[in-house]
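The values are calculated or read from the model by the stated rules, or taken from the named source; none is laboratory data. Nothing here was measured: the structure is a model prediction, and the numbers come from that model. In this analysis, Cβ positions are derived from the backbone assuming ideal geometry, glycine residues included, and neighbour counts consider all displayed protein chains.
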Amino acid sequence: MPAKITCFKAYDIRGQIPNELNADVAYRVGNATAEFLDAKTMVLGRDMRLSSAEFADAVARGLTEAGVKVLDIGLCGTEMVYFATGHLKADGGIMVTASHNPADYNGLKLVREDAKPISGDTGLKEIRTIAERDDRKTASNPGTRGSIDLFDDYIQHLLGYIDVSELKPLKLVANAGNGCAGIALDGLEKHLPFNIVKIHNEPDGTFPNGIPNPMLLENQSMTADAVVEHKADMGIAWDGDFDRCFLFDEKGSFIEGYYIVGLLAESLLAHNPGGKVVHDPRLTWNTLDIVEAAGGTAVQSKSGHSFIKETMRAEDAIYGGEMSAHHYFRDFSYADSGMIPWLLVAELMSVTGKSLSELVGERIAKYPASGEINRQVADAAATLQKLHDEYAEDALLVDDTDGYCFEFPEWRFNIRMSNTEPVVRLNVESRADEALMKVKTDEILTLMSE
């Protein structure tokens, strides 16, 4: 066991097996989390990775030795741990997952009561310090580990976001990527009028069809081709722990998450007049336009789930969305869900009678965007300063909420450093002028490379 545990990241714990993450580290993290939270009850869940059962056992041992009652919900998605933590009024929850990472990785996502995130600035550093100590917390009366089944409660909660009687018999392609989304999909399907064509629906930690990462172009084609082949109305794909979902229109075209934020804001504001919607600074104009037209209030937050959730709680926002396909809901403990978004979009398609391409097409034309472009640079801070020196003087607005945003009359862009990778991330958008957006994108990328 090295003196330092190296798998602690900005938002969670994730590392390669066994050098960065192994059963001993998982045990230590479980025990340290119990001590940090002074927990009496903790929810525990795991994904389908081949190492997840072993690591869940190790986490449970660390928790029970500290006197914690472990409420084990078994094989599940991350959002099911969020739901169970709030529903059972537990002191916290731990999900064993590495989401979309390769098969030789695993990780742990931690929350406290009401599914509040534990991130680098809200406890992860302290938990790491405790975990690295030689002494462990041991209770005179060890805790217990018991299985608990909340699946039906979870499914009924999801169905509460839509009016099932309004749904049309849409044909949907659903690609679980051999992750855990198939579990929830099977539970929902019996309550819905949809004809669902399932792809790679069975959880399988060997990833026979590639790692469950719908952001990879080679993975998108599986869903897109199936949509066209089956003449489906929409395609849905998830990452391994299904806290994100990605949508494809009836033509098989991948829809940027930015435009889904606007759709969900519109849907939720229709049921919650005057509500607040939290968004990140990367791409904003489409969201601001929709929220204002729907009578809501838009609130900007720094990117990242811990910041979005914190802002939502402070503002009592009904919804928060990031272009990264993370969508957060007030009535879901302000947490992210990969199931609620596609249900809401399917309802919107049913009610309006519009296809998904029609729903997003006019928005894409009104606010064309580059999508997030990642570039490795020698010095990220120097790159941001270089762009600031070039654009700040002529900008109508310079915002440093997250990196730098520069706004001009007909276009804007955001440049920021990654929290998790040695890259800078660029997003550009314009007002109804795709050519301008592309010109400015090329201009900025050229400047960055000089």
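The table below gives the values:
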{"quantity": "Filter result (within 23 Å of Y82 (Cβ to Cβ) and exposed (fewer than 12 other Cβ atoms within 10 Å of the Cβ)) within the range 126-158", "calculated": "G146, S147, D149, D152, Q156"}
{"quantity": "Condition met for D12 (under 22 Å from the mean Cα position of the chain (by Cα) and of a type in the set (D, E))", "calculated": "yes"}
{"quantity": "G240 without any contact (Cβ under 8 Å) to a residue 60 or more places away in the chain, in a loop (DSSP other than H, G, I, E, B), crowded, with 16+ Cβ neighbours inside 10 Å and of a type outside the set (D, E)", "calculated": "no"}
{"quantity": "Per-region count, the range 391-450, residues part of a loop (DSSP other than H, G, I, E, B), acidic (D, E) and touching a residue at least 24 places away in the same chain (Cβ under 8 Å)", "calculated": "4"}
{"quantity": "Filter pass, E202 being free of Cβ contacts under 8 Å to residues at least 60 places away in the same chain and more than 25 Å from K168 (Cβ to Cβ)", "calculated": "yes"}
{"quantity": "From A56, A34, A23, residue being buried (at least 23 other Cβ atoms within 10 Å of the Cβ) and under 26 Å from T206 (Cβ atoms)", "calculated": "A56"}
{"quantity": "Boolean, A90 is among the aliphatic types (A, V, I, L, M), under 21 Å from D241 (Cβ atoms) and surrounded by 20 or more Cβ atoms within 10 Å (Cβ to Cβ)", "calculated": "yes"}
{"quantity": "Filter result for the condition that a residue is among the hydroxyl-bearing types (S, T, Y), crowded, with 24+ Cβ neighbours inside 10 Å and out of contact with any helix residue (DSSP H, G or I) (no Cβ under 7 Å at 6 or more places or on another chain), over T223, T287", "calculated": "T223"}
{"quantity": "Which numbered condition A39 misses (of (1) of a type outside the set (D, E); (2) closer than 19 Å to M80 by Cα; (3) not in a helix (DSSP H, G or I))", "calculated": "(2)"}
{"quantity": "Candidate set from the range 383-420 (those that are among the acidic types (D, E) and under 19 Å from I308 (Cβ atoms)); member that is surrounded by the fewest Cβ atoms within 10 Å (Cβ to Cβ)", "calculated": "D400"}
{"quantity": "Residues of the range 327-345 classified as surrounded by fewer than 24 Cβ atoms within 10 Å (Cβ to Cβ) and closer than 14 Å to F246 by Cα, total", "calculated": "3"}
{"quantity": "Residue in the range 363-370 that is modelled with pLDDT under 95 and either surrounded by 19 or more Cβ atoms within 10 Å (Cβ to Cβ) or in contact with a Cys (Cβ under 7 Å, 6 or more places away or on another chain) (or both) present", "calculated": "no"}
{"quantity": "Odd one out for T383, checked against (1) farther than 19 Å from T287 by Cβ; (2) in contact with a His (Cβ under 7 Å, 6 or more places away or on another chain)", "calculated": "(2)"}
{"quantity": "Criterion: of a type in the set (A, V, I, L, M), part of a helix (DSSP H, G or I) and free of Cβ contacts under 8 Å to residues at least 60 places away in the same chain - qualifying residue of L384, L359, L348, L344", "calculated": "L384"}
{"quantity": "Count - residues of the range 184-199 that are of a type in the set (K, R) and either in contact (Cβ under 8 Å) with a residue 12 or more places away in the chain or closer than 18 Å to H100 by Cβ (or both)", "calculated": "1"}
{"quantity": "Selection from the range 244-284 of residues that are surrounded by 19 or more Cβ atoms within 10 Å (Cβ to Cβ) and either basic (K, R) or in contact with a Cys (Cβ under 6 Å, 6 or more places away or on another chain) (or both)", "calculated": "R244, K276, P281, R282"}
{"quantity": "Residue that is surrounded by the fewest Cβ atoms within 10 Å (Cβ to Cβ) [pool: residues in the range 226-237 that are farther than 25 Å from M95 by Cβ and touching a residue at least 60 places away in the same chain (Cβ under 8 Å)]", "calculated": "K231"}
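Okay, residues lined up against (1) within 25 Å of E256 (Cα to Cα); (2) crowded, with 19+ Cβ neighbours inside 10 Å:
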{"residue": "K168", "(1), (2)": "yes, no"}
{"residue": "L172", "(1), (2)": "yes, yes"}
{"residue": "K198", "(1), (2)": "yes, no"}
{"residue": "N201", "(1), (2)": "yes, yes"}
{"residue": "G205", "(1), (2)": "no, no"}
